[in-house]
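Bear in mind that the values in this text are calculations on the coordinates, not laboratory data. Bear in mind the structure is a predicted one, so any value in this text is a computation, not a measurement. Virtual Cβ from ideal backbone geometry, glycine too; neighbours counted across all protein chains shown.
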Amino acid sequence: MRNKLFFIFLLICLAAAPGVTQRKQSAARFDPDGSFWLQDGTTPPTEFSYFCAINLYAKKLRCLPSPGVQLNDGTTYRFKTLTVKRDNFAFTTMTVRRVSYSFTGKFLKGGVYASGILDDETPVLEGTLTKFRGEKKVAEANLKLVYFGGT
């Protein structure tokens, strides 16, 4: 009986081991899925007063904004190119009415953002947003953005 209990205990421990490894991998996982807004009280530069958010939603659900740069009037400039790494977040957008955007920056924190580890007051993304009209750069601003995962 004792050997049988030991064997069962050993099987349970071995079965649980992959879960421990998985949790360690999850803790180290980086997933910034969500929206990034200017911090409350921050006045955007004049040339970006219509800027609303950078939406980085990988899940395409109707209740979530489309991925891309969103303006206050609801216009979304969808991503044309996109690199999402903790130390390298960069994109260019599609052109809408001869206007497009690019961004280069980095995330200031790791982890899975949607897990609730962040508040809406601490910047988690910084970089340079550039606006183009045709091929000409018409505005550029260094921004610090906070995370908003949704309601």
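A few remarks follow.
- Exceeding the 23 Å Cα-Cα cut-off - candidates Lys109/Lys131; Lys106/Lys131; Lys80/Lys106; Lys80/Lys109; Lys80/Lys136; Lys85/Lys137: Lys109/Lys131; Lys80/Lys109; Lys85/Lys137
- Calculated from backbone phi, Karplus (6.51, -1.76, 1.60) coupling profile of the range 72-80 in Hz, x at Gly/Pro: 4, 7, x, 5, 10, 9, 5, 5, 9
- Here, P(r) means the percent of Cα pairs in each 5 Å bin from 0 to the largest distance; for the range 83-138 it is 4, 17, 22, 17, 15, 12, 8, 4.
- Net charge of Cβ neighbours under 12 Å - reference Gly127; Lys, Arg +1; Asp, Glu -1: -1
- Close amide H contacts of Val124 (hydrogens built in the peptide plane, cut-off under 5 Å, sequence separation of 5 or more or a different chain): Leu145, Val146, Tyr147.
- Surface/4 of the Cα convex hull for the range 54-151, nm²: 6.6
- Karplus-derived 3J(HN,Hα) values for the range 99-108, using 6.51 cos²θ - 1.76 cosθ + 1.60 with θ = phi - 60°, are 10, 9, 10, 9, 8, 9, x, 8, 7, 8 Hz; glycine and proline are entered as x.
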